[in-house]
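Taking it in order: structure first as structure tokens, then the write-up.
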């Protein structure tokens, strides 16, 4: 009885003897282990007991004898069911087993690697940059340009600029996280082959609307101011220079403009009249000019001539023939801008001069001014100027240029003599209906002067004291400039301000702005006064609003450039610049408006200019158009 109840012994029951399945259950005392054991037990018997279960023999070749074969059957860890790479140990159980995994592995058989890089409890595996998962483990690594610290998790940036000082050559090395950059100044780009900075030719990229000038490190855009363009606020495109103060430019073809030509006469007439005819001229005359030729008449052979001129605002008569030579100046001043009727009549023994039908001069003459030939009096009459070589024959020289107007003319008692028809279709010969005193620059040309700025007491020194009264009609243009070759060592200009309806006043040396007075209201009916004083050491600009003085190091450099130019030959220009490169100065547009200029105490008379554009009016300026005047 005791034998039957005692837990079965595998050695005694199933190896020394043969056991059936029920006897095996008594040994294991549970079905799972019994069900696992018994089929394998029968396999062992088939291999090691001749004649028994021959079908199962092939599966037990690994065991040397029956005892070994049977004893190994209950061990669930043999053969090893766990993943060899991932298991740490195998624990036998009742018809089962438990695989104990190494760190980094999971699964019933430790067959699954744990991806520590995706562990939400330990973000990125604790790596500061790169987490690389490996079977059963992981590894931290760094991006290019970083070094791993001793903790094997954190990375430190490598400062390539310190490690390799010459890595950028002549460029500037800038360390950035994980890398470095070779930097160049604005307008340059880095050449990695030559390890140097090269100028960027922005002009090749069509950056400018009109003219682009590339220079080391940058570029500048320019617009053709002489065609009425200025640089826009974006400093790339061009826009038309706007009119800021409209003027009354109405003309009348019945008014002959005497200043239409800077050189030569405005109009030439030839008369062939009966021999009894005497010289006479009657006309209405308006001018602010103080001197110039109104009318010149001569015989065909030039042996006799007669001159009506203006000197110091008064009528002057000069004449010469085979009998006498005379010059007389007199009467009231008539250069007041008002219309004055002037009549000159040859009488039998004298010449009568009347203003507003009032006699002002009576000049004796022994014989006729012009002698008839073959029964006719043939005379040539010139308006506003002298024919070639005539200037050398005058009794008293006079500048022939005259800015004035004539209307209602009657020459040699022949009425208008067809003059109206001659000038009707020629706009440049028409006079403005209303004018004021001043000089007018229409924005289409310049006046050139030759002025000596040297200091008499010191040959090495020079001085420019300029006083300008301006009334601009456009907010951009060159007012005063000194030109040397293709350079502009000094210029005083206007530019439209960024503020609407205001202007800036610029002083420049070559293409560098030395000084700027910003946001000034210049476009009004009132004249604006400017004073400029500049010498080799200093620059001062005075306006009614402020006094500007500059003394920077940059000023000294620019004044040195100006000083060098002033010791050479400079030409003075009013109203703009001659044909020189756009880039020679910040502003190249012609000045548009009225302006009077005094240089070193001398009031400049445009009639005395070396040359002057025909459209510039020396002594008359258009009135402001009504209802457009700015306050």
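What follows is calculated from the coordinates using simple rules that are stated; it is not laboratory data. The structure presented is a predicted model; accordingly, all values stated were derived computationally and were not measured. Note: ideal-geometry Cβ built from the backbone for every residue, glycine included; neighbour counts use all protein chains shown.
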Under 8 Å for C-alpha pairs, at least 6 residues apart: give me the relative contact order for segment 442-580, rounded to a whole percent.
31 percent
At R0 = 51 Å the Cβ-Cβ FRET efficiency linking residue 201 and residue 537, nearest 0.05, sits at 0.85
Report the Cα centroid-to-centroid distance between segment 483-545 and segment 332-360 in angstrom, as an integer.
45 Å
Residue 391 paired with residue 119, simple spin-label distance in nm, labels 7 Å along Cα-to-beta-carbon:
10.5 nm
Taking the convex hull of the Cα atoms, report for segment 264-305 its projected area averaged over all directions, in nm².
4.3 nm²
Looking at [x] 1.52; [y] 1.31; [z] 1.59, which value of Rg/Rh (Cα atoms, Kirkwood Rh) comes from a calculation on the structure shown?
[z]
Assuming R0 = 22 Å, what is the FRET efficiency of residue 227 and residue 571, from their Cβ-Cβ distance, to the nearest 0.05?
0.45
Between the helical axis of 553-566 and the dominant principal axis of the chain, each derived from Cα atoms, what acute angle in degrees is found, rounded to the nearest 10?
40 degrees
Bounding extents of segment 260-390 in its principal axis frame from Cα atoms, largest first in Å, are 44, 32, 22
Cut-off 13 Å (backbone N to label point 7 Å along Cα→Cβ of residue 469), residues of segment 240-261
none
Relative contact order, percent, of the chain when contacts are C-alpha pairs under 8 Å separated by at least 6 residues?
12 percent
Highest mean first, what order results for 315-328, 175-188 on Cβ atoms within 10 Å?
315-328, 175-188
0 to 90° range, to nearest 10: angle between helix 31-48 axis and the chain longest Cα axis
70 degrees
Sort out for me the Cα centre separation of segment 380-408 from segment 565-621, rounded to whole Å.
25 Å
